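First up is the structure itself, then whatever we jot down about it.
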Amino acid sequence: MANLVYKRATTGQQSTARQDLILEEAGIEDPVVFEEHRAPPAASTRSSDRSSASC
């Protein structure tokens, strides 16, 4: 039986390394990754410009 795995990193600064470690610690060998989502390094949904924020 195959172990299906979904790995995700939301931003370009994140990685799936911790998820890989947890899978290894759980004894899951050769998981079948059906999606590994990684956002482009410059992609962000948050704006660092707070001057335009309304109060």
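Tabulated results
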| quantity | calculated |
| --- | --- |
| Candidate set: region 20-32, residues that are aliphatic (A, V, I, L, M) and open to solvent by 60 Å² or more (accessible area, probe 1.4 Å); chosen: the one farthest from Asn3 (Cα to Cα) | Leu21 |
| Given (1) modelled with pLDDT of 80 or more; (2) surrounded by 12 or more Cβ atoms within 10 Å (Cβ to Cβ), number of the condition Ala17 does not satisfy | (2) |
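The values are calculated or read from the model by the stated rules, or taken from the named source; none is laboratory data. Please read all numbers here as calculations on a predicted model, not as lab measurements. Neighbour counts are summed over all protein chains in view; Cβ atoms, including those assigned to glycine, are modelled from backbone coordinates with ideal geometry. The area values use the complete protein model at the heavy-atom level, side chains included, leaving out ligands, DNA and RNA. Shrake-Rupley method; radii C 1.70, N 1.55, O 1.52, S 1.80 Å.
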